[in-house]
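Working notes for the structure below.
The values are calculated or read from the model by the stated rules, or taken from the named source; none is laboratory data. Please read all numbers here as calculations on a predicted model, not as lab measurements. Heads up, the Cβs are rebuilt from the backbone with ideal geometry, glycines too, and the neighbour counts pull from every protein chain shown.
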Amino acid sequence: MRRGLWDALAPVRERREQLPVKWVRPENIHLSLKFLGDVDESQEAELVAALKQAAGTRSEPRPLALQITGFGVFPDYHRPHVLWAGVTPEPSLELLQHGIEQAFAPLGFPTEARAFRPHVTLGRAARDARPRDFTGLEAMLAGTDFAETVSVDEVDLMESTLKPEGPVYQVKYHERLS
């Protein structure tokens with residue numbers, strides 16, 4: 001699925017007038033359920049316990065089938081900050097994400113004020129990008145076809161380390177969905 005997304009966006013990445021976008025490498029494409037920010041290493045055991053709790057409370061003991069389809073931007077096409085692929089809303093995914101919010105709140109990670117909009121981040125606009133740099137982006141994304149269903153049977157607690165060439169992700173813990 002990651003390689004398919006990367007390949008589908010090749011015409012957008014390679015357009016004549018380069019977009020001022022830092023693209024996510026295929027191996028780093030993922031769906032975030034909760035961003036924790038800076039975390040003290042001494043909290044790792046608590047975070048693992050919270051993830052176990054959230055992943056183990058699903059009423060359906062089967063993998064999630066997630067459909068990845070369509071492209072868009074946040075906040076809007078006039079001044080995009082994030083380019084994404086959409087994840088079709090799925091009640092089981094929303095319940096899992098809500099369970100994660102609830103399990104991590106007592107550990108000092110406030111629940112997200114915004115509604116959960118599942119997506120896969122594909123790129124981030126450069127800080128110095130101008131609105132005119134994105135002329136035609138909406139039409140290009142609308143003309144890009146991609147639809148794939150992926151089966152997800154675990155969630156990971158990830159650590160990201162920011163480097164000049166892009167983030168480096170390390171799995172700290174996996175939990176099977178049950």
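Do you know which of the residues in segment 94-135 that are in contact (Cβ under 8 Å) with a residue 24 or more places away in the chain, closer than 24 Å to VAL73 by Cα and of a type in the set (S, T, N, Q) is surrounded by the fewest Cβ atoms within 10 Å (Cβ to Cβ)? So the residue we want is THR121.
Residues are listed down the side, and each one gets a yes or a no for (1) of a type in the set (Ser, Thr, Tyr); (2) modelled with pLDDT of 95 or more; (3) on the phi > 0 side of the Ramachandran plot:
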position	(1), (2), (3)
LEU5	no, yes, no
ALA8	no, yes, no
ARG13	no, no, no
GLU17	no, no, no
VAL24	no, no, no
ASN28	no, no, no
SER32	yes, yes, no
LEU36	no, yes, no
ALA49	no, yes, no
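All told, ARG79 falls short of being modelled with pLDDT under 95, surrounded by 15 or more Cβ atoms within 10 Å (Cβ to Cβ) and not in a helix (DSSP H, G or I). Residues that are modelled with pLDDT under 95 and surrounded by fewer than 17 Cβ atoms within 10 Å (Cβ to Cβ) within segment 82-93 comprise PRO89, GLU90, PRO91, listed in sequence order.
For segment 136-178, how many residues are farther than 20 Å from VAL73 by Cα, out of contact with any strand residue (DSSP E or B) (no Cβ under 7 Å at 6 or more places or on another chain) and either β-branched (Val, Ile, Thr) or touching a residue at least 40 places away in the same chain (Cβ under 8 Å) (or both)? Total satisfying the criteria: 1.
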